[in-house]
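Laboratory data are not the source of any read-out in this text; all were calculated from the coordinates shown. Model, not experiment: these values are computed from the prediction. Backbone-built Cβ (ideal geometry, glycine too); neighbour counts: all protein chains shown.
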Amino acid sequence: MLSGLRGLGVTLRGALRPKVTFEYPKEHLPVDNRFMGFPALTWDVARDEPYCTGCMVCVRYCPTQCMSAKMQDNEKFSEGVSHRKKIIESFEINLGRCILCGICVDVCNFDAIEMSLEHERSERLRNANRVDLPTLLDMGRVYQVEVGWKQSKPNAASPNERAAAKAAGEEAKAFEESVVEPSDPDDSVNTAEETGEDAA
Ligand code: SF4
Ligand code: SF4
């Protein structure tokens, strides 16, 4: 009888214990913002274009050689709305070979690539994890929203912004020069005294 009650107690404690395991993949545990998932490309909302210029620095430093990139002239620079002369044309990462080292993020000078929170990319086919530019940018957009991502330094001024700032500066200077300085009353008193004239 006593051992039966003890057994029932153990069962009840087990039944009432908080859940410590989850039924993956039906349930997913959230990951911390510091988690290092697969690399993703970030999106410059202010310029409405990727941060990536296709400079290839990350490609050269990647220890597994799983990245490739190609740059092109940036039309938005010719239109004066972006400060980036070059922009990424195509980008590919074979996430099946990526070892999540983060070197690509460390060497990028343009805030263009981040280790996202994406970590579940199991595929049946060998090359199914070769991801292209649109996919990397989608992963980046999701990551930016998830962690409230902010670029580390503000964008340089675009040609149009530089021209507007120059025009505004010239306008302000012209206005200052056009304002006539009021004469100092002390000067007129001194002048009257110096000349011996009666100020009254
Ligand atoms: S992610 Fe950064 S380092 Fe890599 S190509 Fe783009 S700008 Fe260059
Ligand atoms: S995290 Fe490392 S292995 Fe993966 S793409 Fe970047 S540099 Fe290459």
message: Given all pairs of different Cα atoms, what value in angstroms does the Kirkwood hydrodynamic radius of the chain take?
response: 22.6 Å
- prompt: Summing +1 for each Lys or Arg and -1 for each Asp or Glu, what net charge is found among the other residues whose Cβ lies under 15 Å from the Cβ of TRP149?
  reply: -3
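Specify the longest stretch of the chain that does not include any exposed loop site, a site being one of the chymotrypsin sites (Phe, Trp or Tyr not before Pro) with a non-H, G, I, E, B DSSP assignment and at most 15 other Cβ atoms within 10 Å. Kindly include the intermediate steps, with their values, before the conclusion.
Values: sites that count: PHE22, PHE35.
Of all site-free stretches, the longest is 36-200.
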- prompt: Do any of LYS70/LYS153; LYS86/LYS166; LYS26/LYS70; LYS19/LYS150 go past 31 Å between their Cα atoms, and which?
  reply: LYS26/LYS70; LYS19/LYS150
For q = 0.18 Å⁻¹, Debye-computed log10 I/I(0) when each Cα of the range 1-66 counts as one equal scatterer: -0.95
